[in-house]
């Protein structure tokens, strides 16, 4: 039997359009290879995607890796190419991403904006993400995957290790052909 939190119609509506599952939780790393070794070789969570990225708003280059779990969720890590010049505090809270459909994402966006929260939407190409910071300074992401996410993920899986090695060797050429320019 499902439990309903609250009794108002809006509480029931919000419950009905909630995110489906954890998509990923993301943190910054200073050493992608040590991170890969830990999560893949020691923990057993395979490296399934390596995205070489360049942030459109800042031009900052970074490597974004994903390590998968059995339910489809992942841990993700960012390593910035300029981290020696612009260090990122590893104590940062990172962010937690929840998978949802476009209608749910839009509803969450509207409710957040109505209540005075600042949101940011980023089209990564392979997914569209809505970002917001909660009252506790926890950064949240609500992610709508691309319609062809299974094909995209299969393609990334085929070259995730090669892409990571290339990026760590200094070739920071973006490999995300899905991201709008």
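Miscellaneous remarks
- Residue 34 being at pLDDT 85 or above, under 22 Å from the mean Cα position of the chain (by Cα), under 30 Å from residue 169 (Cα atoms) and not in a helix (DSSP H, G or I): no
- Filter result (closer than 13 Å to residue 100 by Cβ and free of Cβ contacts under 8 Å to residues at least 60 places away in the same chain) within region 133-144: 140, 144
The rows are residues; the columns are (1) touching a helix residue (DSSP H, G or I) at 6+ places or on another chain (Cβ under 8 Å); (2) under 17 Å from residue 160 (Cα atoms).
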{"position": "23", "(1), (2)": "no, no"}
{"position": "28", "(1), (2)": "no, no"}
{"position": "47", "(1), (2)": "yes, yes"}
{"position": "53", "(1), (2)": "no, yes"}
{"position": "56", "(1), (2)": "no, no"}
{"position": "65", "(1), (2)": "yes, yes"}
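- Some residue of region 39-60 being more than 30 Å from residue 170 (Cα to Cα) and at pLDDT 85 or above: no
- In the condition set (1) more than 22 Å from residue 78 (Cα to Cα); (2) modelled with pLDDT of 90 or more; (3) touching a strand residue (DSSP E or B) at 6+ places or on another chain (Cβ under 7 Å), residue 112 is compliant with all but (2).
- If you go through region 37-59 and keep only what is surrounded by 14 or more Cβ atoms within 10 Å (Cβ to Cβ) and over 16 Å from the mean Cα position of the chain (by Cα), you end up with 38, 39, 40, 45, 46.
- Applying the condition of being surrounded by fewer than 18 Cβ atoms within 10 Å (Cβ to Cβ) and in a helix (DSSP H, G or I) to region 66-106 and asking which residue is nearest to the chain's Cα centre (by Cα) yields 102.
- For region 117-132, the set of residues classified as in a loop (DSSP other than H, G, I, E, B), closer than 13 Å to residue 179 by Cα and either more than 11 Å from the chain's Cα centre (by Cα) or free of Cβ contacts under 8 Å to residues at least 24 places away in the same chain (or both) consists of 125 only.
The values are calculated or read from the model by the stated rules, or taken from the named source; none is laboratory data. The structure presented is a predicted model; accordingly, all values stated were derived computationally and were not measured. With ideal geometry, Cβ positions are generated from the backbone for all residues, glycine too; neighbour counts draw on all protein chains shown.
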